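Everything on this sheet refers to the single structure shown next.
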Amino acid sequence: MDNAILAIVVPCYNEEEVLPQTNAQLTALLDGMIKDGLAGEGSYILYVNDGSRDHTWDLISGFAGGANRVRGLKLAGNVGHQNALMAGLETARQDADVTVSIDADLQDDINAIPEMMRKYHGGCDIVYGVRRKRDTDSFFKRTTAQAFYKFMNGMGVKSVYNHADFRLMSRRALDALCQYEERNLFLRGLVPLLGYKTDKVYYDRLERQAGVSKYPLSKMLSFAIDGVTSFSVKPLRMIFDLGVIFLLISLAILVYVIVSLAEGKGVQGWASLMLSIWFVGGCVLICLSIIAAYIGRIYTEDKHRPRYHIEQYLK
Ligand code: UDP
Ligand code: MG
């Protein structure tokens, strides 16, 4: 176990501002870990360029090769964080015994990596990096992210609270993960399904070292919708509950209509009629959109499209 080869997988999308700093820190850390016997001699850092439009790839190819422990994987276009990460993990699986995935922006404390490796040597297959506090995130990021976790759990998607995609996975766990063939990837929901011996490492969330977040609210929302619809059928159940409530409401209206007819004041009703038309119409649309989300999922899964294409692999 001592000379287990570690691959640190870093997805990068337009990260030219932060990458030099990231690389300096990760390289120093990896050298230290190899010296301390925590990672094997052949360990490396794998940057996955997710179709960046800036100089990210130039930087990566500058770091790669030679005596550096750096490799670069260039995807043919932008496929999103989850797919880019998966590309890196599947590539690393070819020769690494264990992988750690981490964002390029150094928001996750890299000093948690040695601790993760200690747990790996202690027999863990999956180690989650969990944020202790979020003071350094903006109020907006913090509350939306918190709401995101709450929402996901409420919807029945098991995920580790305050854990993003900073995690260690052994080759065995990766092999298992690769058997999940779905195209709509939500790794945070998938990994807990794998089982195996797992543990957590706590760290303080730092500030993004440079550049801006590549996850605006719109991306976060679609991430949440993806997460829910690929893991839970609860929204389908909610349509049923809604239907029952509607039935009860219409029963009450029926009673009201009969009573007012008996009292001889039949013509009023216009306002309530209009109201119910719009109300029911709106609800029907919501329900349809939920169903559409699932049909869309069937549509994308059924195509079995490749998740990414590799343009170049520098090692
Ligand atoms: N990322 C990516 N492809 C994308 C968007 C983001 O590979 O389409 C990478 C990005 O370079 C970073 C990680 O995913 O390494 C997380 O993104 P970011 O830090 O912007 O998200 P946040 O921490 O703000 O949620
Ligand atoms: Mg970040």
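Taking the DSSP beta bridges in the chain as the whole, what percent of them are antiparallel, to the nearest 5?
In the chain, DSSP labels about 35 percent of beta bridges as antiparallel.
Label Asn111 and Leu285 with points 7 Å out from Cα along Cα→Cβ: what is the distance between them in nm?
According to this spin-label approximation, the distance is 5.3 nm.
Take each of the peptides 283-290, 33-40, average the number of other beta-carbon atoms within 10 Å over its residues, and list them starting from the highest.
On the way: 283-290: 13.6, 33-40: 16.9.
In decreasing order of mean packing, 283-290, 33-40 become 33-40, 283-290.
Calculate, for the chain, the solvent-accessible area per residue in square angstrom, rolling a 1.4 angstrom probe over the heavy atoms of the protein chains. Walk me through the intermediate numbers first.
Working: 15990 Å² over 315 residues.
Here the per-residue accessible area is 51 Å².
If exposed means no more than 12 neighbouring beta carbons inside 10 Å and the site is in a DSSP loop, what's the longest run of the chain without any exposed GluC sites (Glu not before Pro)?
Details: sites that count: Glu41, Glu181, Glu207, Glu263.
Result for the longest clean stretch: 42-180.
Length gain on complete extension for the stretch Ser138 to Tyr215, per 0.36 nm per residue less the alpha carbon to alpha carbon distance? It would help to have the intermediate numbers written out before the result.
On the way: separation 77, 0.36 × 77 = 27.72 nm, distance 1.32 nm.
Full extension of this stretch gives 26.4 nm more.
Would you be so kind as to identify all helices of the chain, as entire DSSP H runs, whose Cα atoms reach 27 Å or more along the helix's own axis and whose mean Kyte-Doolittle hydropathy is at least -0.5?
On the way: long enough: 234-262 (43 Å, 2.08); 270-303 (49 Å, 1.22).
For the chain, where a helix must reach 27 Å along its axis and average at least -0.5, the hits are 234-262, 270-303.
Would you mind getting me the FRET efficiency between Tyr196 and Asp95? Use the beta-carbon distance for r and R0 = 22 Å, nearest 0.05.
Working: r = 21 Å, r/R0 = 0.95.
Once the sixth-power term is evaluated, E becomes 0.60.
One quarter of the convex hull surface, Cα atoms only: what value does that give for the range 182-238 in nm²?
If I average the Cα hull's projected area over directions, I get 6.5 nm².
So which lysines pass the test for Lys150, namely a Cα distance under 17 Å, with those fewer than 8 places away in the same chain ruled out?
Lys133, Lys141, Lys158, Lys234
Relative to the compact globular guide of 2.2 N^0.38 Å, what is the alpha carbon radius of gyration of the range 1-87, as a ratio?
Details: Rg = 13.1 Å, N = 87, 2.2 N^0.38 = 12.0 Å.
Ratio of Rg to 2.2 N^0.38 Å for the range 1-87: 1.09.
Mind checking which of Lys197, Lys219, Lys265 has the largest fluctuation in a GNM of the chain, springs on alpha carbons under 10 Å?
In the Gaussian network model the winner is Lys265.
Which semi-axes, in whole Å and largest first, does the equivalent ellipsoid of the range 1-43 have when worked out from the alpha carbon gyration tensor as the square roots of 5 times its eigenvalues? Let's see the in-between values first.
Values: eigenvalues 115, 25, 5 Å².
Equivalent-ellipsoid dimensions as semi-axes: 24, 11, 5 Å.
Quick one: Cα convex hull volume of the chain, Å³ per residue?
Values: hull volume 48.1 nm³, N = 315.
Cα convex hull per residue, to the nearest whole number: 153 Å³.
Could you compute the FRET efficiency for Ile298 and Glu263, with r as their C-beta to C-beta distance and R0 at 35 Å, rounded to 0.05? Don't skip to the answer; put the middle values down first.
Working: r = 52 Å, r/R0 = 1.48.
About 0.10, to the nearest 0.05.
Working out 0.36 nm times the residue gap between Glu41 and Ile310, then minus their Cα-Cα distance, what length gain in nm do you get to one decimal? Each step should come with its number before you reach the end.
Numbers: separation 269, 0.36 × 269 = 96.84 nm, distance 2.62 nm.
Answer, rounded to one decimal: 94.2 nm.
What accessible area, in Å² to the nearest ten, does a 1.4 Å probe give for Arg118?
About 140 Å², ignoring ligands and nucleic acids.
With Cβ to Cβ distances under 12 Å as the rule, what net charge do the other residues near Gly77 carry (K, R +1; D, E -1)?
Working: positive: Arg53, Lys74, Arg307; negative: Asp50, Glu311.
Charge balance near Gly77 sits at +1.
Sorted by average packing, counted as other Cβ atoms within 10 angstrom per residue and highest first, what order do 249-257, 156-164, 96-104 take? Kindly include the intermediate steps, with their values, before the conclusion.
Values: 249-257: 11.6, 156-164: 17.3, 96-104: 25.0.
Put in order of decreasing packing, that is 96-104, 156-164, 249-257.
Output the relative contact order of the range 11-82, whole-number percent, from Cα pairs under 8 angstrom with separation of 6+ residues. Intermediate results must be reported in sequence, preceding the final value.
Working: 98 pairs, mean separation 27.4, N = 72.
The normalised contact order for the range 11-82 reaches 38 percent.
The values are calculated or read from the model by the stated rules, or taken from the named source; none is laboratory data. Computed from a prediction, not measured in an experiment: that's the story for all the values here. No Cβ is skipped: glycine too gets one built from the backbone with ideal geometry, and neighbour counts run over all protein chains shown. Just so you know, the surface numbers come from the protein's heavy atoms only, side chains and all, with ligands and any DNA or RNA stripped out. Shrake-Rupley method; radii C 1.70, N 1.55, O 1.52, S 1.80 Å.
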